[in-house]
Structure formats: structure tokens, C-alpha cells
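The values are calculated or read from the model by the stated rules, or taken from the named source; none is laboratory data. The structure presented is a predicted model; accordingly, all values stated were derived computationally and were not measured. Neighbour counts are summed over all protein chains in view; Cβ atoms, including those assigned to glycine, are modelled from backbone coordinates with ideal geometry.
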Amino acid sequence: MQLKIPVHVGGLSALSFHGVAHYLRLGRENLFLFSQTGVWVPKWFNEFDWGRGIRVVKTSFLPGELGIKTYQYQGAEIRYSTVERAILEALYLAPNEIDIMECYQIVQGLYNLRPNLVQTLLEECISIKVKRLFLFMADKAKLPVLKHLELQKIDLGKGDRSIVDHGKYDSKYRLILPSELIKDV
């Protein structure tokens, strides 16, 4: 905050802050911070012992300020992702850093997503993988937000995307996904 570095709490950490994370983690859970590509985080920040793991994700797959809120805590301003942005950030890290099945379990409970924000995030998102994964999971979970989205305005790219090796193919969203996720689709 003092250095005015545009980083925010995102992904699973923001979802936990909103109370929609699926698992209660005991112990030293990583704190996910997101920044745009090219944002410099001081060396001392990365080397300081914060009492938990800090993972700074530098990416520009979403616009910098879209879906970011602020929270005042003991005189400090903490920037964090809205639920709508945070689930996309979690999907960005899946399956390598966040379990894809956990992401789906979180999506299943997201019945109050704001359609206008989801629409804008999906239109502005440059990750085909993230957009397809979100739409697949929202469709599978029968989220109400899907009725309000203008899917023709969302670029879903061309060709297939493989999320995992040796998975099953979903022809609607052209994704190769874990077998357990494809069941009953």
C-alpha cells in the first residue's frame, strides 16, 4: 500500500475472504496476490517471512482494475478481487496450482454472480482456457448467471484445449478435462 504497487488478493484467497471457498484449510495456506505483467514487487517483500506462503501471480489475462474492490483494515487499504473475478483467477491457476475439482465445487455454490460483471470479465479476458472452463462449469452447475450472458459476444477461440492429459473430451466447450468432471454432463 505504501509503495502504491497495484497488487490485490485474488484467486482462492479472495474466495476465502468472501466466504465461498470450498475447503477449510488448516495450517499455512498460500496467499495468492495478483498483479499485472510488468508490475515490480520489491525483493524484500518476496524474501520477508510473512508466516505463510505468498504467491505473487503476474498476469494480464484480465484488465487491471476490473472486478477489484477495496477493504479498510486497521487504517490500511487492502485490494481484493470480487467473487466473479476471483473464480476466473482460480481457474487461471488450475490445474497446476489449484485443483480443478475444487474449482468446480466452488462454482457449484456461486448462485449470486452479477451477470453484468461476469459478462464484462469474460469479454475482456484474453485466456480462452479460463473462459471455456468457467462456462463449462457454470453450465454443468446450472448457474442462473448463464441465462443472462450474451455468449456470442465472448470470444471462445478456435480449436480444442487440453486441460489435463488423458482426460475426457467435452465437445460443447472443446475441452479435455478430468474424467470425474465429465461424468453426468
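In the range 64-89, how many are assigned to a loop (DSSP other than H, G, I, E, B) and at pLDDT 95 or above?
3
Out of everything in the range 114-127 that is among the hydrophobic types (A, V, I, L, M, F, W, C) and surrounded by fewer than 22 Cβ atoms within 10 Å (Cβ to Cβ), what residue ends up being farthest from residue 181 (Cα to Cα)?
So the residue we want is 117.
Of all the residues that make up the range 42-80, how many are closer than 20 Å to residue 29 by Cβ and surrounded by 14 or more Cβ atoms within 10 Å (Cβ to Cβ)?
Residues in the range 42-80 being closer than 20 Å to residue 29 by Cβ and surrounded by 14 or more Cβ atoms within 10 Å (Cβ to Cβ): 8 in total.
Conditions tested, residue by residue: (1) over 22 Å from residue 114 (Cβ atoms); (2) modelled with pLDDT of 95 or more; (3) aromatic (Phe, Trp, Tyr); (4) not in a strand (DSSP E or B).
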position: 134; (1), (2), (3), (4): no, yes, yes, yes
position: 137; (1), (2), (3), (4): no, yes, no, yes
position: 145; (1), (2), (3), (4): no, yes, no, yes
position: 155; (1), (2), (3), (4): no, yes, no, yes
position: 165; (1), (2), (3), (4): yes, no, no, yes
position: 181; (1), (2), (3), (4): yes, no, no, yes
position: 185; (1), (2), (3), (4): yes, no, no, yes
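Please verify whether residue 105 is part of a helix (DSSP H, G or I) and over 24 Å from residue 29 (Cα atoms), treating the condition exactly as stated.
no
For every residue, the table says whether it meets (1) modelled with pLDDT under 85; (2) touching a Gly at 6+ places or on another chain (Cβ under 8 Å); (3) in a helix (DSSP H, G or I).
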| site | (1), (2), (3) |
| --- | --- |
| 8 | no, no, no |
| 13 | no, no, yes |
| 16 | no, no, yes |
| 19 | no, no, no |
| 22 | yes, yes, no |
| 27 | yes, no, no |
| 32 | no, yes, no |
| 37 | no, no, no |
